[in-house]
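Undergrad: The structure follows.
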Amino acid sequence: IIRRITTDKTPNIAFIEGHGETARLESADAERLLAESYPVERITINGKLESLSVAIDDEGKQRLNKYDLLIISDPDSSFSDADRFLIDQHIMRGGKIIWAVDPLVADMDSLRLAQQTMAIPRELGIEEMLFQYGARLEKNMVLDRNCEEIAIVTGMMGNQPQTEFFPWYFKPIIIPKDGHPITTNLDPIITEFASTIDTIARAGIKKTILLETSENT
């Protein structure tokens, strides 16, 4: 409450649509919680200059960001050159972005129907952009002995299936480290079919690792 009273400007937040991002129904809880403190919108960039910025001069050469934070959640299709350019301009003007991206897609539903499945790479067209920011999303999957267990039917007792719990190495449990406001006091986080992020040295860019898998990865 004190923070709300003392804040001069309330940051604006926008969920990006148009590239197969998380549907409104799936992100409803997050949007509702954010909307308690911030104006929240859902927008489609669609290559339009006015989608992310507003002109502050008659010729339109000087522009300001319309949103302080963009959230790009689980896109599954490629970003156009125009959309990438506008997103990059948002960043260059001091805007923030949360990229919630899976470079590979896999799900448990396929494994319920067969004994094997295949992870499919996503070609999102943002790889070079993220590389310039000092991050590379690897097309791999983490296996970790520090993981969640899943129930597997191992037999029948009469008409009742008997289940046992086994480690599911594709579902790592990550223990957040204290020392950063984002991860301090968080409970263990269960991930599933997670990929790794490689960091690349870039002048003027500082990277802070918030979550790490265990030494048994």
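The values are calculated or read from the model by the stated rules, or taken from the named source; none is laboratory data. Given the structure is predicted, the values throughout are model-derived calculations rather than measurements. Counting neighbours? That spans all protein chains shown, and the Cβs are built from the backbone with ideal geometry, glycine included. We work out accessible area using only protein heavy atoms, side chains counted, and drop any ligands, DNA or RNA first. Shrake-Rupley method; radii C 1.70, N 1.55, O 1.52, S 1.80 Å.
Undergrad: Accessible area of the stretch 1-120 with a 1.4 Å probe: how many percent of it is carbon plus sulfur?
TA: Of the solvent-accessible surface of the stretch 1-120, carbon and sulfur hold 53 percent.
Undergrad: Among Leu86, Thr191, Ser73, whose Cα projects farthest towards the positive end of the dipole of the chain, with charges put on the beta-carbon of Lys, Arg (+1) and Asp, Glu (-1)?
TA: Value: Leu86.
Undergrad: Okay, next question. Divide by every residue of the chain the summed helix terms, -39500 (n - 2.57) for each DSSP H run of at least 4, and state the resulting mean residue ellipticity at 222 nm, rounded to the nearest 500 deg cm²/dmol.
TA: The per-residue figure over the chain is -4500 deg cm²/dmol.
Undergrad: Taking the chain, how many lysine pairs are there with alpha carbons less than 15 Å apart, if each pair must be eight or more places apart or span two chains?
TA: So the count of such lysine pairs works out to 6.
Undergrad: A further question on this structure: Quick check on the stretch 54-114: what does the Kirkwood estimate of hydrodynamic radius come out to from the alpha carbon pairs, in Å?
TA: 14.3
Undergrad: Can I ask one more? Would you mind telling me which residue in Leu124, Leu70, Leu34 has the biggest mean-square fluctuation in a Gaussian network model of the chain, where springs connect alpha carbons within a distance under 10 angstrom?
TA: Leu34
Undergrad: Shifting gears a bit: Explain nothing, just the number: dipole magnitude of the chain about its Cα centre with +1 on each Lys and Arg Cβ and -1 on each Asp and Glu Cβ, in debye rounded to the nearest 20.
TA: Here the size comes out at about 580 debye.
Undergrad: A further question follows. If you fit an axis through the alpha-carbon atoms of helix 81-92 and take the longest principal axis of the Cα set of the chain, what angle between them do you get, 0 to 90°, nearest 10?
TA: Long axis of 81-92 versus the principal axis of the chain: about 70 degrees.
Undergrad: Calculate one ³J(HN,Hα) per residue across the stretch 106-114 by plugging θ = phi - 60° into the Karplus curve 6.51 cos²θ - 1.76 cosθ + 1.60, and present them in order as whole Hz with x for glycine and proline.
TA: After applying 6.51 cos²θ - 1.76 cosθ + 1.60, I find 8, 8, 6, 4, 5, 6, 6, 9, 8 Hz.
Undergrad: Per the 1.4 Å probe, what fraction of the accessible area of the stretch 162-208, in percent, lies on carbon and sulfur atoms?
TA: Ligands and nucleic acids excluded, carbon and sulfur reach 58 percent.
Undergrad: How large is the dipole of the stretch 45-139 about the Cα centre if only Lys and Arg carry +1 and Asp and Glu carry -1, each at its Cβ, rounded to the nearest 20 debye?
TA: 160
Undergrad: Then there is this: Tally Lys and Arg at +1 and Asp and Glu at -1 over the other residues with C-beta under 14 Å from the C-beta of Asp68: what net charge comes out?
TA: Spelling it out: positives minus negatives among the neighbours equals +2.
Undergrad: Can I ask one more? Which residue, Val54, Val101, Val142, has the most motion in a Gaussian network model of the chain that connects Cα atoms within less than 10 Å?
TA: Residue with maximal mean-square fluctuation among Val54, Val101, Val142: Val54.
Undergrad: Please report the antiparallel percentage of the DSSP beta bridges confined to the chain, to the nearest 5.
TA: Of all bridge pairs located within the chain, approximately 60 percent are antiparallel.
Undergrad: If you put +1 on each Lys and Arg Cβ and -1 on each Asp and Glu Cβ, how big is the dipole of the stretch 116-199 around its Cα centre, in Debye rounded to 20?
TA: Computed charge dipole of the stretch 116-199: roughly 80 debye.
Undergrad: Moving on to the next point. What accessible area per residue comes out for the chain, rounded to a whole number of Å², with a 1.4 Å probe?
TA: Per residue, the chain has 67 Å² of solvent-accessible surface.
Undergrad: On to the next question. Would you please name the GluC sites (Glu not before Pro) within the stretch 131-189 that are DSSP coil residues with at most 16 other C-beta atoms within 10 Å of their C-beta?
TA: Glu138
Undergrad: Quick one: pull the percentage of alpha-carbon pairs in the chain with a separation above 33 Å.
TA: Tail of the P(r) past 33 Å holds 28 percent of the pairs.
Undergrad: Multiply the residue separation of Tyr38 and Thr208 by 0.36 nm, subtract the distance between their alpha-carbon atoms, and state the gained length in nm to one decimal.
TA: 58.7 nm
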